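Okay, so here's the structure we're looking at.
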Amino acid sequence: MKKQIIFLTVGVLASTLMSGYSQETSLAKMRRVSFTDVEISDKFWKPRQETNRIASIPVNLENLVKAGNIKNFELAAAGARTGFQGPVFMDSDLYKAIEAVSYSLAIHPDPALDKRLDEIISIIAKAQQPDGYLNTYFIVKEPEKRWTNLRDWHELYCAGHLFEAAVAHYQATGKRELLNVAIKYADNIDSVFGPGKRMGYPGHPEIELALVKLYRVTGEKRYFDLAKFFILNRGKKYFAEEHKIPIERYDGSYWQDDVPIFEHRNIKGHAVRAAYLMSGATDVGGELGDEPLLKMINRVWRNTVTRNMYITGGIGPSAHNEGFTEDYDLPNLTAYQETCASVALAQWNHRLALLYGDARYADVYERSLYNGVLAGVSLDGTRFFYVNPLASEGNHHRSPWFGCACCPPNVARTLASLGEYAYAAGDNALYVNLYIQGKVQTKISSGNVGLKVTTDYPWDGKVSLVPIVDKATKFTLYLRKPGWCDDSVVYINNKKVAQPKIERGYFVIEREWRSTDKVELDLAMPVKKVIANPKVKADNGLVAIQRGPLVYCIEACDYDVPIKSIFLPLNSEFTVEKQPLLLGGITVIKGEAQRLPEMDWRNVLYQSIDKPEKVKLTAIPYYSWDNRKAGEMTVWTPTMAPVPAVKGVEALAKVSVSFANDNSQPRGINDGIEPSKSGEQPRYMCHWWPHKGTEEWVQYDWKEPINVEGCKVYWFDDTGRGECRLPQSWKILYLENGEWKPVNNTTTYPVKKDQWCEVRFTPVKTKALRLVVQMQNSWATGAHEWKVIEAEE
């Protein structure tokens, strides 16, 4: 089989994305082809849409009842002032679920579900205040605080999701009740904000793109003007004024509020907020033809896809801000890559694809949809990822729901409306962006046209397209040449096209089409080895596997050796094997990997080795991991024998703590992941917040006694964003005959930031150690790692 090594710049083929294109291109302003005009009948997406309809959407509605989202509206409708449940943004999750239900009803009419949706909408309408205002938190819990904290309290964000749900419901059912609610609320917001009124914009962008949708369905230009107001005024550092922060001390990058909107040069801050902001800016910039705004958007887009995007089409590496840190920072085990961020990136690139008629944007959203988005939901549709790492030690799993439940309904609405990503219409042209078996029918200037598509994509690159026309019709067909595809052939009526015209990443075929015509694409789909830009330090010396649009991973349940010991030489060869009964039907990649034999290094400095052991390689699509037996997973594999991880005796200990709230993970203290500075935010963190100023402890227990003569701790400190600081003091206790005793320390207990704090003591033999922490007054404390130093026998 042909061996291929493709150099990747942070997950996207840089040569495909950037070369051959001018930095800015003229506007195509293509029209969306509604998902209602698309019939999906393939073996890949259709089963997932059906699972979404019969499992995920009901699970969403059931959990929204349990969590109190719907009850909050009932309380607001009843005029209650107590009883609100959940965080301030609870309304938004219900709105996203309504959007998903509406899309589903448009394709699969369901009288019972339709009736249930009408009941929910009726409750929402009753909760709306006489002046149009609608946010259950501020109606029920704190009515006196309306619009007093735009940065943090999500009022405009929730309104945006209401507008999106209302537009979806109206377009799906023709019913106006929710649309009328949205119009009334939009009028209320427009009466408060805008030129000559109040300055302000949302801390969490979303309303901007939603106002454009509302404008397009109602024709009311005030809504577009309000979206423009929110976009163009961003960066005036309103939040500094709102929170009485001196300008010289204000850093608004988390909210994309650090510079005027036209001056952004890179993607920054909270990942979902950033991509939603860019989506709204793309809508506004495209409508206006605003050259400076569009120039900024393209600049930020280039920075995103060439320096800040995971190979799986996700964004946002950091847990501490759910977003970005610095260019090329793309860790794998601690990757955040929120599911909502993958959805937001796909939405933004879909808008850019429509605006420019350029296939490189469709390349990005295809990568997101097939990998980062789809991984967000289990194969049975009932469990969800919020965080999507590219490596796991076996302790990261999907959950049935979340306290912050933004991701499950976001995935549901995306899958329900998937057909909208597949096609676009030009003046007298039909664009094919995703190759999905089924049909499309839409209207262009020459009349009603359509296509019948037959393919087994993404498992196979062969695609057949037959025009659906009543009579001979002249129009141009644009077929995306995927960025991952290096070798392709186009046939028209069984004749190979010698040099097909390619424009902006599309095969361009202009002719008079008849229903007897047929176009065939043969998109070569070899297994590719992919390496990252050397500036991505986390991927140095590693290789990933991709076939077609799918990124693959290896999962522990397919191996009888630890996958951390496996390496994949660059000259490895692969075969592909269809397994219709595995994980809903997948194509597995097979090959040969290697590993070093296990060796005993106690009291040994050097050993000889003959040759590595052979290991049968099995790789599965990334989206399908964590659907079988729990275990380790990785997307990136070493190309040479990995250095065995040397973990201390603390890794064998059971961890317990004096106190842990629901976002403290005590197991993080002995996971072996060493920080580079105290301010890093790992995924698993042992801390005692919100306790402050108290004495707390973390304890190690072993099955057998150990000899120990020291400990060292790396303290956590989130100054500038949280309430954890270095401790006032700490000490080590050991267990002897059921009694806790202090060790006889021979050095002091240092308390320092950004370094290991080590203490030595007279050796003791024990089955348990306790790290006792005295926290500073008014501050909590956390620890990245606690290591134990064994005494020599």
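List of remarks:
- When the alpha carbon gyration tensor of the chain is reduced to an equivalent ellipsoid, the three semi-axes, largest first, read 46, 36, 23 Å.
- Residues of the stretch 545-583 with amide N under 15 Å of a point placed 7 Å along Cα→Cβ from A641: 565-569
- On a per residue basis, the stretch 458-566 carries 43 Å² of accessible surface, using protein heavy atoms and a 1.4 Å probe.
- Segment E287..V489, full-extension length gain: 69.1 nm, with 0.36 nm per residue of separation and the alpha-carbon distance subtracted.
- Equivalent ellipsoid, the stretch 630-768 (semi-axes from 5 times Cα gyration tensor eigenvalues, Å): 25, 22, 16
- Equivalent ellipsoid, the stretch 484-625 (semi-axes from 5 times Cα gyration tensor eigenvalues, Å): 43, 18, 13
- For the stretch 452-503, trypsin sites (Lys or Arg not before Pro) are listed when DSSP marks them as loop and at most 14 other Cβ atoms sit within 10 Å of their Cβ; the list is K471, K501.
- The stretch 162-282: translational diffusion in µm²/s, Stokes-Einstein, Kirkwood Rh over Cα pairs, 4 °C, 1.567 mPa s: 86
- Solvent-accessible area per residue in the stretch 659-793 equals 48 Å², computed with a 1.4 angstrom probe and all protein chains kept.
- Of K614/K647; K29/K537; K29/K495; K481/K616, those spanning more than 28 Å from alpha-carbon to alpha-carbon: K29/K537; K29/K495; K481/K616
- Sulfur and carbon atoms: percent of accessible area, the chain [1.4 Å]: 49
- Averaging the sequence gap over all C-alpha pairs within less than 8 Å and six or more residues apart, then dividing by the number of residues, gives the stretch 277-346 a relative contact order of 25 percent.
- Counting only Cα atoms, the stretch 212-307 measures 42, 35, 22 Å along its principal axes, largest extent leading.
- On the basis of the beta-carbon distance and an R0 of 30 Å, S26 and A472 show a calculated FRET efficiency of 0.50.
- On Cα atoms only, tilt of 207-218 relative to the major axis of the chain in degrees: 20
- The simple Förster model, with R0 at 35 Å and r as the Cβ-Cβ distance, assigns V561 and R302 a FRET efficiency of 0.25.
- Between helix 291-307 and the chain: long-axis angle, C-alpha atoms, 0 to 90°, nearest 10: 50
- Gained length - A791 relative to E503, 0.36 nm times residue gap less alpha-carbon distance: 96.8 nm
- Normalised by the number of residues in the chain, the mean separation of alpha-carbon contacts (under 8 Å, six or more apart) gives a relative contact order of 11 percent.
- Within the stretch 764-785: backbone nitrogen closer than 20 Å to the E736 label point (7 Å, Cα to C-beta): 764-772
- Which listed pairs, of K96/K184; K71/K221; K175/K295; K46/K471, have C-alpha distances above 28 Å, in listed order: K71/K221; K175/K295; K46/K471
- Here the extension length gained between K66 and E119 equals 17.4 nm, from 0.36 nm per residue of separation less the Cα-Cα distance.
- The residues of the stretch 96-198 expose, per residue, 36 Å² of accessible area to a 1.4 Å probe.
- Using alpha-carbon coordinates, inclination of helix 221-233 to the longest axis of the chain, degrees: 40
- Taking every C-alpha pair closer than 8 Å and separated by at least 6 residues, the mean separation divided by the residue count of the stretch 34-94 gives a relative contact order of 28 percent.
- log10 of Debye I(q)/I(0), alpha-carbon scatterers only, for the stretch 106-154 at 0.15, 0.26, 0.29 Å⁻¹: -0.57, -0.96, -1.08
- Placing a label point 7 Å from the Cα of E613 along the Cα-to-Cβ direction, the residues of the stretch 539-561 whose backbone N falls under 20 Å from that point are 554-561.
- Put a dot 7 Å past the Cα of E177, heading toward its Cβ, do the same for I245, and the two dots end up 4.2 nm apart.
- Using a Förster distance of 56 Å, the FRET efficiency for K654-D522 (Cβ separation, nearest 0.05): 0.50
The values are calculated or read from the model by the stated rules, or taken from the named source; none is laboratory data. Fair warning: this is a prediction, and the values are worked out from it, not measured in the lab. For neighbour counting, all protein chains shown are included, and Cβ atoms are generated from backbone atoms with ideal geometry for every residue, glycine included. Remember, those area values only see protein heavy atoms, side chains included, never the ligands or the DNA or RNA. Shrake-Rupley method; radii C 1.70, N 1.55, O 1.52, S 1.80 Å.
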